[in-house]
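Every number here is computed from the coordinates shown, using simple stated rules; none is lab data. No experiment lies behind these values; they were computed from the predicted model shown. Please note: Cβ atoms are built from the backbone with ideal geometry, for glycine as well, and neighbour counts cover all protein chains shown.
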């Protein structure tokens with residue numbers, strides 16, 4: 001199975017939106033082991049991109065693009081001549097999305113549609129949207145916007161016309177030790193001598 005995956009990505013040109021984030025950067029590190037032709041890392045966090053560039057040291061394969069998925073024109077430029085898109089860019093923090101609901105819509109819904117349109121326009125072979133288990137019967141803004149992002153992605157298969165792009169989604173559960181998850185919070189609380197805040201909600 002591992003060899004099949006490596007063979008699939010070998011020699012491909014790949015774009016990762018949100019590529020400097022917790023999930024995007026892990027996808028990036030995994031893909032680098034599959035010998036792709038090139039990978040473009042698109043993110044709005046320039047500091048994390050700088051850290052990642054220094055950490056990985058793959059100058060011949062990697063391009064770091066500053067950009068926002070809310071900007072459709074930027075997405076079309078970023079996607080030019082790309083074979084595969086991993087779409088990991090999103091607002092993922094539940095409280096932040098609750099307090100800023102339309103910002104979550106602009107990124108998770110409208111931003112996803114921009115990536116879809118860019119993929120269609122540039123005739124990308126495959127687009128994979130990274131989603132979340134919180135999209136199952138969502139009870140919060142983040143989950144609802146990610147569910148819409150999934151529906152937009154899958155629905156693109158029905159109106160893509162003669163283009164051969166395949167649109168698909170994959171759902172992640174809680175990613176241990178990712179930014180904003182419980183482990184870094186507890187680690188910091190313990191480092192400061194407590195208390196460790198555990199709730200039942």
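Side notes on the structure shown:
- Applying 1/(1 + (r/R0)^6) with R0 = 41 Å to the Cβ-Cβ distance of residue 190 and residue 4 gives a FRET efficiency near 0.45.
- Order of 22, 131, 63 - criterion: other Cβ atoms within 10 Å of each residue's Cβ, fewest first: 63, 22, 131
- What the pair-distance distribution of the chain shows, using all Cα-Cα distances binned every 10 Å from zero, is 9, 33, 36, 17, 5, 0, 0 percent.
- Gain on full stretching of the segment that runs from residue 159 to residue 70 - 0.36 nm per residue minus C-alpha separation: 29.9 nm
- Note on residue 51 and residue 99: with the Förster distance fixed at 35 Å, the Cβ-Cβ geometry gives a FRET efficiency of about 0.80.
- Between residue 151 and residue 13, the modelled labels are 3.4 nm apart [label points 7 Å from Cα along Cα→Cβ].
- When 60, 150 are sorted by how many other C-beta atoms sit within 10 angstrom of their C-beta, beginning with the fewest, the order is 60, 150.
- Note on residue 166 and residue 136: their simple-model spin labels are 2.4 nm apart, each label 7 Å out from Cα toward Cβ.
- Cα-based helix-to-principal-axis angle, 182-191 vs the chain, degrees rounded to 10: 40 degrees
- Sorting 16, 84 by the number of Cβ atoms found within 10 Å of their own Cβ, with the fewest placed first, yields 84, 16.
- The chain, helix-only ellipticity at 222 nm - DSSP H runs n ≥ 4, -39,500 (n - 2.57), divided by all residues, nearest 500: -12500 deg cm²/dmol
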